[in-house]
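Participant: Sharing a structure here in structure tokens format.
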Amino acid sequence: MRKVLHHSKATLKRRKRLSNTWAGVVVSWSFIRTLLVWAAVGDYGLNPWIYLAIDLACAVVDALTTPRMVLNFIDERYRLAASWGLIALVAFIIPDLYIFLGTRKLPTKLIVLICSVIGLTLIVGIIGITRKVNKGRAERKAAALLTNLGLVE
């Protein structure tokens with residue numbers, strides 16, 4: 001049986017603000033990343049407009065799924081978190097797949113560089129998500145303690 005969690009209005013407002021901020025960052029990053037990818041592999045046949053369209057579509061998916069994944073991990077709803085995380089992972093990978101599918105033969109050095117960047121951004125993302133989950137859980141526990149002590153409603 002699933003435990004129903006009730007969050008304060010302030011918590012819900014903060015979660016919405018952070019989710020919207022994440023969406024803005026992810027969509028903005030799509031434009032910057034498109035310029036970087038175009039500069040790096042544009043000479044190998046990559047169409048920057050198609051890449052941008054794919055990346056923006058995936059950014060919208062990421063903007064919706066990553067906050068849900070993090071919030072469900074914080075709320076200890078692991079099955080939901082894993083579902084949202086899988087969708088976020090697919091959205092993360094698709095633009096990078098287009099780099100390989102939408103270009104002519106890439107030099108080995110460039111393939112290694114692209115794979116290294118993909119791996120690094122994935123590791124940084126996992127570390128960031130882990131920190132957010134741990135911080136959110138600590139804040140939730142602190143709020144519950146204050147509520148139990150009668151110091152906050």
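Participant: If you work out Cα Rg over 2.2 N^0.38 Å from the coordinates, which of (i) 1.28; (ii) 1.44; (iii) 1.03 do you get?
Facilitator: Computing Cα Rg over 2.2 N^0.38 Å and matching it to (i) 1.28; (ii) 1.44; (iii) 1.03 gives (i).
Participant: Output wanted: per-residue J couplings in Hz (rounded whole) for segment 102-119, from phi through Karplus 6.51 cos²θ - 1.76 cosθ + 1.60, θ = phi - 60°, x for Gly and Pro.
Facilitator: Listing the rounded values in order: x, 10, 6, 4, 8, x, 4, 4, 6, 4, 4, 4, 4, 4, 5, 5, 4, x Hz.
Participant: Then there is this: If you build a Gaussian network model of the chain, linking Cα atoms that sit under 10 Å apart, which residue out of 61, 70, 112 swings the most?
Facilitator: 112
Participant: Take 19, 8 and order them by how many other Cβ atoms sit within 10 Å, fewest up front.
Facilitator: 8, 19
Participant: For 43, 75, 96, 55, which order do you get if you count the other beta carbons within 10 Å of each Cβ and list the fewest first?
Facilitator: Ranked by crowding around the Cβ, least crowded first: 43, 75, 96, 55.
Participant: Once Lys and Arg get +1 and Asp and Glu get -1 on their Cβ, which of 99, 66, 54 lies farthest toward the positive end of the dipole of segment 10-148?
Facilitator: 66
Participant: Moving on to the next point. Give, rounded to the nearest 20 debye, the magnitude of the charge dipole that the chain has about its Cα centre when Lys and Arg contribute +1 at Cβ and Asp and Glu contribute -1 at Cβ. Kindly include the intermediate steps, with their values, before the conclusion.
Facilitator: On the way: 21 positive and 8 negative charges, 133 e Å.
Here the chain has a charge dipole of around 640 debye.
Participant: For 78, 51, 44, 98, what's the fewest-to-most ordering of other Cβ within 10 Å of each Cβ?
Facilitator: Least to most surrounded, the residues fall as 78, 44, 98, 51.
Readers should treat all values here as calculations from the given coordinates under stated rules, not as data from a laboratory. For clarity, every value in this text was computed on a predicted model and none was experimentally measured. So basically every Cβ, Gly included, is an ideal-geometry build from the backbone, and we count neighbours across all protein chains shown.
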